[in-house]
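Accompanying notes for the structure given below.
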Amino acid sequence: MSDADIAIIGLGLHLPGLGESGLGDPGGEGPAGFWRMLAGAICAIRPLAREELLAAGESPALIDRPDYVPFAATLAGVPRFDPAFWGLSPKDAAVMDPQHRHLLETAWEALEDAAIDPARFSGRIGVFAGCGQGSWWFRHVLTNRDLVDSTGEFLLRHTGNDKDFLATRLSHLLDLRGPAVTVQTACSTSLVATHYACQSLLLGECDLALAGGVTIELPHARGYLYREGEILSPDGACHAFDHRAAGTVFGSGAAVAVLRRLEDALADGDPVWAVIKGTAVNNDGARKAGYLAPSVDGQADCVAEALRMAGVPADSIGYVECHGTGTALGDPIEVAALTEAFRRTTSRSGFCRIGSVKTNIGHLDTAAGAVSLAKAALALHHRAIPPSLGYEAPNPAIPFEETPFRVADRLIPWERDDRGAPRRAGVNSLGVGGTNAHAILEEAPPPPPSEEPAFPFALLTLSARTKGALDAASRRLAAHLRAHPDQPLADVAYTLREGRRAFAHRRVLVASGHEEAAALLESGDPRRVFTHEALPAAPEIAFMFPGGGAQYPGMGRDLYETEPVFRDWMDRGLAHLATLGADPRPHWLPAPGQEEAAARALLAPSVQLPLLLILEYALAQLWMSWGVKPAALIGHSMGENTAAALAGVLSFEDAIGLVHLRGRLMDSVPEGGMLSVALPAADLAARLGEDLDLAVVNGPRLAVASGPRAAIEALAARLAAEGIEHQPIPIRIAAHSRLLDPVLEAFRAHLRSLRLNPPAIPVVSNRSGRLLTAAEATDPDYWVAHLRGTVLFAEGLATLAAQNPNRLYLEVGPGRALASLAGQSGVITPNQVIGSLRHRDEAIADDAHFQAMLGRIWAAGGDFDWAQIWGGARRNRVRLPTYPFQRADYWIEPAAGLPAPAAPPARTDDIARWGWAPRWTPRYAPCEADPLGDLSELPRQSWLILAEDGPLGSGLAARLRGAGHAVTVVRAGDRFAWLSDEEALLPPEGGREGYDRLLADLRERGRLPGRVVHLWLAAEGTGHVPDPPSSTACRNRASGRCCSLSRPGPRRRMPRFICSAPRPARSRRVPKPSPIPRRPRFWALCRSSRARCRGRRRR
């Protein structure tokens, strides 16, 4: 092992052929699915059906061309993404380039394949990656102008739509602090990225690195046109090194490798796919036929440099994963370059196999190098060389017999050579433009074996962003456990805990074997599989101690046998109890067959109560030894004595003596009973009568009656008659009732002999439902009243919940009575409540159950000392299923109405359409009379002609007058003036004032027009048109400022307009006739006139 060795510890792969079923999860199969494809000689370049091509938007004419090749290497799930996982909005997801999306997911899957949670990784993590051209940005985003205008082009480009932001976006979302570098060298991009990632690791710039690339072809799932002499294949297949080699097929995909210094990876138990011994990068320069051409010398120098950096001889390389595009020119040059590099250190021939993954999945452009790296690493890991597809006979331009190489045309077991050297492989990647990259890989050293686990069972933990993802992760893990029984279950548990991010939705279980774990994951048995939603910010924990009635024989037996802390405190407590003349051990841990007798004996308060206190105190000490510390304590009846002992109000031994006395005193009173009733406290109190007391308030609709057994039985009968649910408590005493009054003074006297201290941990009082004060804790009368008075447990829970809504509640004792009460309290959710010991009827060991409860602490957002789980034994990280992203479609279609690329001519059977194209057809507008004929046919009326300086207006006026019409001619001038009764001057630039004056004069003269002819910009011929004085004057003359003429007044009607077709105002030369009529400004005048006066016509 060299200091420069770099381990490939994780691979993330979104590749053609993976995830084709169902909704398409291209990352779900990962390296295992990729290896199945490689070893099984599966080609993911597939034919595209006509219907599929048409649905993808391909032109029917294009599909029918003889040179159209309907093949593609498509990627499943291109439009799909899980933005919630990344904390992105749906809009952000839809806008983001699918290349960026797939790289994000692939990078995360690579990290999980490596069993690395970047949030807990202690060093810096770098990112080196590149992507293909930004077709999404130009075709799908920029064409949607509403989106661009509303969001801004700058934000759209900088948040996921430019190559510059590929690496940095990933670093930002995962909070990675190492270098983040986008690499772009065309087809060699991702292997060049790998080279620089290795350099960054060796220089100490980062301690973990992600290297890879992504390319997604858009439009997706379409074929292509074959052109002879170009790179694309004529038959939709890549025949690398074959006599039929004529081109490649481009595909879509992403690949990311996780790299780490080998010594660090082995020390941490990381899984290693393969080891990178050395890499090199160079450029061809000008030593080739042209910029796009490959170079033998440049490639050879790069390969030789990589071998030198690796420090290994060429004849130790057993396989080279070539660039291998399958072109007639490229393949021979690549083999020639490899041969030249190898010949610098060896003259052997035929010892090294070559192949190309492009024969399986096509050319993935910027991702191609990383995919080749993955293929070589998997071949080393599986000790087999997969076949290069599409090969039947060598390319005649490659003299294989003179080279070190032979094509791997079938799956070949990879044996070590005679010298016993490690298996080694080369990876070659060549970029258009001449940037070459080469890497030398070696098989991974065997990892140090895992050691025996500390427990015969394993605590398995899962988490996800959503409940749906958590269920999917459970199914994936169950299938994996059945498929990989060789993985130590303790290593699986270690990887799930240390190699996965802890998300909010969590699930835990304990199992002793793979099959049991898989069955539990599939069944989801709530007694064995626990699901929580983590509370925020390391929640505080409250210990809850149950009172009498929770006991059962054998409680905690397995913990006593396996947990030293628990055993030591139990022994200490029982030893002290023995000094008081009591030994409950035979009833606690009865011999086989004595369980029923032991259960009856435990009903006696003097046996039951001190045993419960000792067990609860020992359990509390066990929890604390695992790092679970209480922030508050609450007990239920006698359980408050345990809380007081743990809080330091009295010593452990004094608490045992006090509770032992409590039990003996209760033994001395008449036998009674207690009944739990599903009623509010006030409603139950109303039914108690003279003999019973309200002993406990457990919830809003749950209270306990206590008293003589006969009265309890009578109450039960009345409640049954009313249909009210009730349940007797398994105890023979009437706690918290008047039956205890005779023993209170003896209890007070004993308390006065004890040293009582203020609580060191907050304790909630059963008497008040509030925090126990120092005065109360040190007052013997408080504890006497506690023995006799009502237990306000529900109010105590409300106090704790009000103090901190995000608190966990841990029942420290046998059973689940308090956990159930807390979960039904209305102020605490079941998600916040956890037990300690199994239910008496559950068939699971106490220590296994306790470890599951530890897991529940984690699942609910807490923590504990995980190191005790591993017990100091070496654990290795193993490959497990990656995160089940909950993908949905996020896709922006290109804007409708965009000009489509010109389609080639298409055959049609409609003869009428042969050679036909739409054109404008000039024609005259409809007229009431022939303007060149006899105008006397028109109805007599008054005309106003805005005449130009030429003969058109004068001629029209003369003809109209000759036909008997009244005509007023107005010419453009520098002032308003009447030249005669029928002719005037008017300045167009003068505004409305001139027109109002003109109309006033015409009204006085009785010559208001019925028709207006606008000719001011009309001129005869095609000669020179004088420049107007200004653009404003031009506009004024074009519109005539004659809007007032179009306004009907109280004494005039709207005239009809006849508008000439004027010259373009901005052209000094009249252009050739246009097939599309021009519509200058006065057409708007006509339209607005029509809008104001419905029914009027314009021409």
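The values are calculated or read from the model by the stated rules, or taken from the named source; none is laboratory data. Worth saying up front: this structure is predicted, and the values here are computed from it rather than measured. No Cβ is skipped: glycine too gets one built from the backbone with ideal geometry, and neighbour counts run over all protein chains shown.
Against the list (1) outside any helix (DSSP H, G or I); (2) touching a strand residue (DSSP E or B) at 6+ places or on another chain (Cβ under 7 Å), the condition Glu616 fails is (1).
Scanning the stretch 828-859 for residues that are farther than 19 Å from Phe545 by Cβ and within 38 Å of the chain's Cα centre (by Cα) yields Thr829, Pro830, Asn831, Ile844, Asp847, Ala848, Gln851, Ala852, Gly855, Trp858, Ala859. Restricting attention to the stretch 517-532, does a residue exist that is over 25 Å from Ala867 (Cα atoms), touching a residue at least 40 places away in the same chain (Cβ under 8 Å) and of a type in the set (Asp, Glu)? Yes. The residue that is nearest to the chain's Cα centre (by Cα), among those in the stretch 486-530 that are polar (S, T, N, Q) and either surrounded by fewer than 19 Cβ atoms within 10 Å (Cβ to Cβ) or more than 26 Å from Ala114 (Cα to Cα) (or both), is Ser523.
Taking every residue in the stretch 54-68 that is under 13 Å from Arg222 (Cβ atoms) and pairing it with any residue that is surrounded by 14 or more Cβ atoms within 10 Å (Cβ to Cβ) and among the hydroxyl-bearing types (Ser, Thr, Tyr), at least 6 positions away or on another chain, the pairs with Cβ-Cβ distances below 9 Å are Glu58/Tyr68; Leu62/Tyr68; Tyr68/Tyr224; Tyr68/Tyr226. Under the condition of being over 21 Å from Val141 (Cβ atoms) and within 24 Å of the chain's Cα centre (by Cα), the residues counted in the stretch 210-225 number 4. Quick check on the stretch 383-392. Is at least one of its residues more than 32 Å from the chain's Cα centre (by Cα) and farther than 16 Å from Leu38 by Cα? Within the stretch 383-392, one or more residues are more than 32 Å from the chain's Cα centre (by Cα) and farther than 16 Å from Leu38 by Cα.
Are any residues in the stretch 857-883 part of a helix (DSSP H, G or I) and in contact with a Lys or Arg (Cβ under 6 Å, 6 or more places away or on another chain), and if so, which ones? Outline the logic, then answer.
Going through the stretch 857-883, the residues part of a helix (DSSP H, G or I) turn out to be 857-859, 867-870.
Within the stretch 857-883, just Ala859 meets the criteria.
If you check Ser188, Ser233 for being assigned by TED's automatic domain parsing to the domain that holds Pro60, of a type outside the set (A, V, I, L, M, F, W, C) and closer than 30 Å to Ala55 by Cβ, only one passes: Ser233.
The set of residues from the stretch 293-323 being in contact (Cβ under 8 Å) with a residue 60 or more places away in the chain, in a loop (DSSP other than H, G, I, E, B) and under 22 Å from Val357 (Cα atoms) comprises Pro294, Ser295, Ile317, Gly318, Cys322, His323.
For the stretch 756-771, which positions are of a type outside the set (Ser, Thr, Tyr) and assigned to a loop (DSSP other than H, G, I, E, B)? Walk me through how you get there before you give the answer.
Applying the first criterion (of a type outside the set (Ser, Thr, Tyr)) to the stretch 756-771 yields 756-764, 766-767, 769-771.
Across the stretch 756-771, the qualifying residues are Leu756, Asn757, Pro758, Pro759, Ala760, Ile761, Pro762, Asn766, Arg767, Gly769, Arg770.
Assess whether Asp691 counts as being in contact with a Pro (Cβ under 7 Å, 6 or more places away or on another chain), of a type outside the set (Ser, Thr, Tyr), free of Cβ contacts under 8 Å to residues at least 24 places away in the same chain and more than 28 Å from Ala822 (Cα to Cα). It would help to see each step written out before you state the result.
On the way: in contact with a Pro (Cβ under 7 Å, 6 or more places away or on another chain): yes; of a type outside the set (Ser, Thr, Tyr): yes; free of Cβ contacts under 8 Å to residues at least 24 places away in the same chain: yes; more than 28 Å from Ala822 (Cα to Cα): yes.
For Asp691, the condition - in contact with a Pro (Cβ under 7 Å, 6 or more places away or on another chain), of a type outside the set (Ser, Thr, Tyr), free of Cβ contacts under 8 Å to residues at least 24 places away in the same chain and more than 28 Å from Ala822 (Cα to Cα) - is met.
Report yes if Arg807 is within 29 Å of Leu559 (Cβ to Cβ) and charged (D, E, K, R), otherwise no. Before you say what the answer is, go through the steps one by one.
Values: within 29 Å of Leu559 (Cβ to Cβ): yes; charged (D, E, K, R): yes.
Considered against the rule, which asks whether it is within 29 Å of Leu559 (Cβ to Cβ) and charged (D, E, K, R), Arg807 comes out as yes.
Restricting attention to the stretch 16-26, does a residue exist that is among the small types (Gly, Ala, Ser), in contact with an Asp or Glu (Cβ under 6 Å, 6 or more places away or on another chain) and either modelled with pLDDT under 95 or not in a loop (DSSP other than H, G, I, E, B) (or both)?
To start, the set of residues in the stretch 16-26 that are among the small types (Gly, Ala, Ser) comprises 17, 19, 21-22, 24.
Cutting the leftovers down to in contact with an Asp or Glu (Cβ under 6 Å, 6 or more places away or on another chain) gives us 19.
Filter again for either modelled with pLDDT under 95 or not in a loop (DSSP other than H, G, I, E, B) (or both), leaving 19.
Yes: one or more hits.
Looking at Leu952, is it at pLDDT 75 or above, assigned to a helix (DSSP H, G or I) and surrounded by fewer than 18 Cβ atoms within 10 Å (Cβ to Cβ)? Walk me through it before giving the result.
Values: at pLDDT 75 or above: yes; assigned to a helix (DSSP H, G or I): yes; surrounded by fewer than 18 Cβ atoms within 10 Å (Cβ to Cβ): yes.
Answer is yes for this residue.
Listed conditions (1) within 19 Å of Val833 (Cα to Cα); (2) among the hydrophobic types (A, V, I, L, M, F, W, C); (3) in contact with a Pro (Cβ under 9 Å, 6 or more places away or on another chain) are all met by Val628, apart from (3). Since Arg120 meets every condition but one in (1) assigned to a loop (DSSP other than H, G, I, E, B); (2) in contact with a Phe, Trp or Tyr (Cβ under 9 Å, 6 or more places away or on another chain); (3) basic (Lys, Arg), which condition does it not meet? It is condition (2) that Arg120 fails.
Checking each residue of the stretch 412-423 against the condition of being β-branched (Val, Ile, Thr), in the same structural domain as Arg308 (by TED's automatic domain parsing) and either touching a helix residue (DSSP H, G or I) at 6+ places or on another chain (Cβ under 8 Å) or within 30 Å of Asp863 (Cα to Cα) (or both) gives no match. Please count how many residues of the stretch 417-450 are modelled with pLDDT of 95 or more, part of a loop (DSSP other than H, G, I, E, B) and of a type in the set (D, E, K, R). Result for the stretch 417-450: 1.
Return yes when Ala368 is closer than 25 Å to Trp35 by Cα and either hydroxyl-bearing (Ser, Thr, Tyr) or over 41 Å from the mean Cα position of the chain (by Cα) (or both) and no when it is not. Taking the combined requirement at face value, the residue does not satisfy it. The set of residues from the stretch 747-756 being more than 60 Å from the chain's Cα centre (by Cα) and surrounded by 14 or more Cβ atoms within 10 Å (Cβ to Cβ) comprises Phe747, Arg748, His750, Leu751, Leu754. Name the single residue that is nearest to Val141 (Cα to Cα) among those in the stretch 185-207 being in contact with a Phe, Trp or Tyr (Cβ under 6 Å, 6 or more places away or on another chain) and buried (at least 24 other Cβ atoms within 10 Å of the Cβ). The extreme case among them is Ala193.
Would you pick out the residues in the stretch 772-787 that are assigned to a helix (DSSP H, G or I) and either touching a strand residue (DSSP E or B) at 6+ places or on another chain (Cβ under 6 Å) or aliphatic (A, V, I, L, M) (or both)? Even if it seems obvious, please write down each step before you answer.
First, pick out the residues of the stretch 772-787 that are assigned to a helix (DSSP H, G or I): 774-777, 780-787.
Within the stretch 772-787, Ala774, Ala775, Ala777, Val784, Ala785, Leu787 meet the criteria.
The single residue among Ala376, Ala397, Ala336 that is outside any helix (DSSP H, G or I) and either outside the structural domain of Ile45 (by TED's automatic domain parsing) or among the hydrophobic types (A, V, I, L, M, F, W, C) (or both) turns out to be Ala397.
Out of the residues in the stretch 788-830 meeting the condition of being in a loop (DSSP other than H, G, I, E, B) and without any contact (Cβ under 8 Å) to a residue 40 or more places away in the chain, tell me which one is surrounded by the most Cβ atoms within 10 Å (Cβ to Cβ).
From the stretch 788-830, those in a loop (DSSP other than H, G, I, E, B) are 789-790, 792, 804-806, 812-816, 824-829; that's our starting set.
Narrowing the set further to residues that are without any contact (Cβ under 8 Å) to a residue 40 or more places away in the chain leaves 805, 816, 827-829.
Numbers: Pro805: 13, Arg816: 20, Val827: 16, Ile828: 22, Thr829: 17.
Looking at the filtered set, the residue picked out is Ile828.
The set of residues in the stretch 533-571 that are surrounded by 23 or more Cβ atoms within 10 Å (Cβ to Cβ), among the aromatic types (Phe, Trp, Tyr) and under 14 Å from Asp846 (Cβ atoms) contains only Phe566.
For the stretch 617-638, the set of residues classified as over 37 Å from the mean Cα position of the chain (by Cα) and among the small types (Gly, Ala, Ser) consists of Ala618, Ala620, Ser625, Ala632, Gly635, Ser637, listed by residue number.
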